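Participant: Have a look at this one before I ask anything.
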Amino acid sequence: MNGRAIWAAHLALLAVLFALQYVLPPYHATNLARVMVLALFATGYNLAFGYTGLLSLGHALFFAAGMFAGALPAWHYGLGAGPALLLSLVGGATMAGLTGLLALRTAGVSFMIVTLMFAKAFHLVLIYFNQWTGGDQGFALPAASRELAGQALSKDGPRYFVAWALFSIGLLICLALVRSRFGRVMVAMRENEERSRLLGYNPYRVKLLVLVISGAYAGLAGGAWAILFGYAGAGFAEIQYSILPMLYVLMGGAGVVSGPLLGAAAMFWLVELAAELTSAWLFLVGAALVVLILFAPKGVLGWVRARFWRDLP
């Protein structure tokens with residue numbers, strides 16, 4: 001499939017997402033807005049893990065850093081939604097850069113453990129300074145800080161549109177990046193780092209840049225979650241928010257641009273459905289993941305790419 005067809009397919013996906021706000025009931029439209037924010041988070045994780053091979057358990061650190069970089073000025077000083085989102089992006093990217101400077105001196109399991117340690121340390125910092133951060137209890141953002149261009153983001157329509165716009169920009173940037181020369185370098189690092197080094201590429205620099213980009217995605221998603229849904233808390237820095245984007249990517253398809261969206265949507269509504277059926281909903285979720293690993297170890301879209309659509313980026 002040529003480049004135009006690939007771009008057209010992804011733009012059609014975004015058009016469908018935009019139209020769904022006029023079809024779905026408000027409850028489901030709000031849930032889809034949540035899914036798009038989580039998919040933005042997972043898209044950043046996919047760049048690091050799916051395309052570059054960086055298995056991280058510290059992305060909750062970047063998500064929470066972005067969340068608090070935007071939410072704290074909004075809560076304490078009444079900062080508007082636009083500047084808060086920008087600070088979130090910068091906060092996530094900066095935290096990822098600082099973490100990467102040290103963590104990328106390790107590799108494999110060691111890298112995973114070091115990133116987990118950094119995330120846990122940040123979680124403890126947020127709890128320790130609870131008078132400033134709200135700790136585990138967290139805080140609700142004031143209504144004045146949840147307005148963008150005169151629109152209240154606490155309302156269903158503006159909230160959905162902002163979630164869609166952020167995800168759309170993130171998806172298109174990701175698609176452009178992975179189809180670029182640098183995207184091929186990322187995949188080369190994942191497949192054979194030593195051969196890439198022999199070709200003249202510096203693995204440390206490439207991975208650091210990818211981690212910063214991934215952190216920017218995570219930070220923006222964290223800030224968007226706080227501003228669109230009105231709440232920030234230290235709980236978002238816990239390990240589950242490092243595991244969730246990994247599960248989304250694995251379920252949807254690692255190394256596939258639209259995989260995080262499919263994975264986030266499938267996991268979100270799987271949990272919703274399982275929770276309605278039984279109190280042992282984690283068992284059903286776990287069973288579904290086992291089935292996925294057995295029959296589609298590369299994720300749903302990874303399976304589609306292997307069998308039907310080899311050019312799927």
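The values are calculated or read from the model by the stated rules, or taken from the named source; none is laboratory data. Here the structure is a predicted model, which is why all the values come from computation and not from measurement. Positions of Cβ are backbone-derived with ideal geometry, glycine not excepted, and every protein chain shown enters the neighbour counts. Note: areas computed on protein heavy atoms with side chains; ligands, DNA, RNA excluded. Shrake-Rupley method; radii C 1.70, N 1.55, O 1.52, S 1.80 Å.
Participant: In what order, largest first, do 199, 101 sit by accessible area if the probe radius is 1.4 Å?
Facilitator: My answer, sorted largest first, is 199, 101.
Participant: Let me ask something else. In the P(r) worked out for the chain, what percent of Cα pairs fall beyond 30 Å?
Facilitator: 31 percent
Participant: Which distance in Å, rounded to a whole number, links the C-alpha centroids of segment 182-250 and segment 90-113?
Facilitator: Rounded to whole Å, the Cα centres lie 9 Å apart.
Participant: What is the chain's relative contact order, in percent, from Cα pairs under 8 angstrom and six or more apart in sequence?
Facilitator: 32 percent
Participant: Also, I was wondering about something else. Taking only protein heavy atoms and a 1.4 Å probe, what accessible area per residue, in Å², does segment 59-110 have with all protein chains in place?
Facilitator: 38 Å²
Participant: Continuing with this model, one more query. Suppose every K and R has +1 on its Cβ and every D and E has -1 on its Cβ; what is the size of the dipole of the chain about the Cα centre, in Debye to the nearest 20? Present the calculation step by step, with values, prior to reporting the outcome.
Facilitator: Values: 19 positive and 10 negative charges, 200 e Å.
Roughly 960 debye for the chain.
Participant: So, with a 1.4 angstrom probe, what is the percent of accessible area on the chain that is carbon and sulfur?
Facilitator: Of all accessible area on the chain, carbon and sulfur atoms account for 68 percent.
Participant: Which residue, 150, 231, 248, has the largest displacement toward the positive end of the dipole of the chain when charges sit on each Cβ (Lys, Arg +1; Asp, Glu -1)?
Facilitator: Most positive-ward Cα: 248.
Participant: Per residue of the chain, what 222 nm ellipticity follows from adding -39500 (n - 2.57) for every DSSP H run with n ≥ 4, rounded to the nearest 500?
Facilitator: That calculation yields -24000 deg cm²/dmol at 222 nm.
Participant: Also, I was wondering about something else. Ignoring ligands and nucleic acids, what accessible area does residue 277 show with a 1.4 Å probe (Å², nearest 10)?
Facilitator: The accessible area comes out at roughly 130 Å².
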